[in-house]
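Asker: Below is one structure. I have some questions about it.
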Amino acid sequence: MALYGCGVGTEATFKKSPAAPGTPPARTAPQPPLRPELSAEEEQRLAEGARQKIGDVERLVAELEARPLKPPQREALQTAKSFLEQARTALGQRDYPRAANLASKARALADDLAATSK
């Protein structure tokens, strides 16, 4: 790779040093997401809040699926369902703040659809 500067004749070249022959590339195990240390009570509160949000959105999405929707509205509903699925996955991974955040995104889309598809 060569980089050229603003001045005349200024050029920098970077080269990767080749790996030693026969040396496999280093692989690292994927690290779990970093989460703050929570007390058992706080973790329980966050889990219940995330479950409640997910349940509320599931009910709203079920109502919306029964309505006649235009193609852009159907697309928005699919996006909301995708957020909901991601929220369930995060809940299963005990990432409660992320689960609640994703459920909130799904709820925002579903609320907009509910308001425009009456």
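Asker: Report, ordered by chain and residue number, the aspartates and glutamates lying within cross-link reach of K105, taken as a straight Cα distance under 18 Å and ignoring same-chain residues fewer than 8 apart.
Answerer: Correct list for K105: E48, D56, E58, E63, E65, E75, E85, D95.
Asker: Sticking with this one: Taking N as the number of residues in the range 69-118, what is its Cα Rg relative to 2.2 N^0.38 Å?
Answerer: Its radius of gyration relative to the 2.2 N^0.38 Å reference: 1.20.
Asker: Okay, next question. Once you list every other residue whose beta carbon is under 12 Å from the beta carbon of Q52, what net charge do they have if Lys and Arg are +1 and Asp and Glu are -1? Write down the numbers at each step before the final one.
Answerer: Values: positive: R45, R51, K53, R59, R107; negative: E48, D56, E58.
Neighbour charge sum, excluding Q52 itself: +2.
Since every read-out is calculated from the coordinates, none of them should be taken as a lab result. All of these numbers come straight from a predicted model, not from anything done at the bench. Cβ coordinates were reconstructed from backbone atoms using ideal geometry, including for glycine residues, and neighbour counts include every protein chain displayed.
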